[in-house]
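So the structure is just underneath, and the comments pick up after that.
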Amino acid sequence: MRRTHTVFSLALSAVISAVITAGTAGLFSASALANEQVINLYSARHYPTDEALYNDFTKATGIKINRVDSDDAGIIARLKAEGSASPADVILLVDAARLWRGEVDGLFLAVKSKTLESAVPALLRAKPTDDGGTAWFGLSTRARVVVYDKLKVNKADVDTYEELSDPKNKGKLCIRSGSHPYNLSLFGAMIEHLGPAATEKWLKGMVDNMAREPKGGDTDQIKAVASGECSMALTNTYYLARLMRSTNPADKAVVERVGVVFPNQQSWGTHVNVAGGAVARYSKNPANAVKFLEYLVSPQAQNHFANGNNEWPVVKGLKLDNPALQAMTGGDFKSELMPISAVGMNQIKVQRMLDRVGFK
Ligand code: FE
């Protein structure tokens with residue numbers, strides 16, 4: 001007892017002397033610091049319009065966001081290197097294959113949230129863990145579509161993914177690296193639809209049809225179609241929508257020249273990928289991390305994904321108010337129905353196939 005009392009007295013006197021030394025102003029800022037709530041966000045969302053999204057969360061909750069930006073691979077590598085010392089609370093990645101990778105590598109903390117479970121359709125989140133938690137949630141979707149040169153290509157010749165490797169389209173294809181997550185996920189989905197042997201043949205056919213070696217991002221492929229370097233390409237929808245909404249005359253000219261097709265409307269539907277979020281495995285603020293993910297499925301945040309970054313909300317029943325997405329789809333489109341987690345699982349198989357067929 002005596003000993004405890006002494007320790008307490010010592011601690012108390014330390015506080016008192018701290019107060020005396022700090023003075024009134026120092027005290028005020030010290031207590032403000034203690035109350036300040038912060039989450040550390042590791043984000044691969046490379047969209048400047050997201051700034052408003054983060055500011056609105058801080059305004060609504062008082063929780064500040066410290067953001068570290070990197071690409072998906074960079075974030076995963078960093079989390080692995082930091083291990084249990086990682087300051088990360090929330091992780092945002094922009095592809096199903098990467099979300100799956102983070103889950104398998106044990107980088108996420110499975111959470112139980114009625115709000116997230118009812119907002120995010122089961123196909124667009126991780127499979128439940130043994131105790132009913134979810135490792136990651138899709139928060140927005142994007143379709144992987146074909147753009148083509150309206151002057152040189154008939155829409156009917158590029159309205160399926162299979163036709164990208166048809167000999168009739170020899171020398172026409174522009175595509176970013178096969179190993180980029182967006183392509184790994186599409187190709188992983190193809191394994192589910194066609195089986196491995198036919199998928200490998202399909203990949204080989206695309207290599208044979210390339211107008212040039214894979215390089216650049218999706219926007220570069222769209223521009224290469226418009227410039228006549230190639231006449232068909234794959235892109236995520238938001239890159240095209242961004243050009244469609246641009247006031248830059250050069251972008252307008254690009255949009256004027258290219259057509260867009262949502263592939264496989266007569267069969268299994270167009271491939272859709274997710275951007276999603278997870279709570280970091282070693283988060284020191286898991287409650288606030290969940291609060292942030294829950295905010296991202298609120299109508300306000302979901303509208304932001306649709307209107308700010310030209311993605312589709314995961315939450316059903318929201319009114320979409322985006323003229324570019326509207327013009328692109330003519331209202332709606334059929335998307336493939338496949339657990340996005342299955343797509344992630346195939347990525348290692350896909351990478352081996354790419355190596356075998358020489359798809360860079
Ligand atoms: Fe992107």
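Read-outs: derived from the displayed coordinates by stated rules, not from any lab. Note that this is a predicted model, so its numbers are computed, not measured. All Cβ positions, even for glycine, are placed from backbone atoms using ideal geometry, and neighbour counts span all protein chains on display.
So here's what we get for this one:
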quantity	calculated
Label-point separation, Ser70 to Ala156 (7 Å along Cα→Cβ), nm	5.0
Relative contact order of segment 72-207, defined on C-alpha pairs under 8 angstrom at six or more residues apart (%)	20
Positive dipole terminus of the chain, leading residue within Ser177, Asn66, Thr235 (C-beta point charges)	Asn66
Selection from Leu93, Val104, Gly83, by position along the positive dipole direction of segment 79-131 (Cβ)	Leu93
Relative contact order computed over segment 276-317 (Cα-Cα under 8 Å; 6+ residues apart), in percent	24
Tensor-based shape of the chain (alpha-carbon gyration tensor, a/c under 1.5 rounded, otherwise prolate or oblate)	prolate
Centroid-to-centroid separation of segment 122-171 and segment 69-91 [C-alpha atoms, Å]	27
Amide H partners (placed H, <5 Å) of Leu109, local residues excluded	Val279, Ala280, Arg281
Segment 89-160: mean projected area of Cα convex hull, nm²	7.0
Ranked list, fewest to most other Cβ atoms within 10 Å of each Cβ, for Cys230, Cys174	Cys230, Cys174
Sorted peptide list for 245-258, 311-324, criterion being average Cβ within 10 angstrom, highest first	311-324, 245-258
Cα-only Debye scattering, segment 153-300: base-10 log of I(q)/I(0) at q = 0.08, 0.11, 0.21 Å⁻¹	-0.30, -0.53, -1.32
Gaussian network model of the chain, Cα within-10 Å springs - most flexible of Gly308, Gly178, Gly83	Gly83
Residue-count net charge about Ala275 - beta-carbon cut-off 12 Å; Lys, Arg +1, Asp, Glu -1	-1
Stretchable slack from Gln265 to Ser118, in nm (0.36 nm times residue separation minus alpha-carbon distance)	50.1 nm
Largest-first principal axis extents of the Cα set of segment 230-360 (Å)	50, 43, 30
Mean residue ellipticity (222 nm) of the chain, computed from DSSP H runs ≥ 4 via -39,500 (n - 2.57), nearest 500	-14500 deg cm²/dmol
Whole-number Å³ per residue for the convex hull built on Cα positions in segment 197-263	92
Calculated on alpha-carbon atoms, Rg and Dmax of segment 146-204 in Å	12.0, 35
Cα centre as origin, Lys/Arg/Asp/Glu Cβ charges: segment 241-297 dipole, Debye	200
Formal net charge of residues neighbouring Arg45 (Cβ-Cβ distance under 13 Å; K, R +1; D, E -1)	-4
The chain, dipole about Cα centre (Lys/Arg Cβ +1, Asp/Glu Cβ -1), debye to the nearest 20	360
The chain, relative contact order [Cα under 8 Å, separation at least 6], %	26
Local electrostatic count at Gly195 - Lys and Arg +1, Asp and Glu -1, tallied over other residues with Cβ under 12 Å	0
Kyte-Doolittle mean at least -0.5, axial Cα span of 27 Å or more - DSSP H helices of the chain	2-35
Entries in Lys170/Lys223; Lys152/Lys319; Lys252/Lys316; Lys80/Lys201 that, when Cα-Cα distance is taken, lie over 29 Å	Lys152/Lys319; Lys252/Lys316; Lys80/Lys201
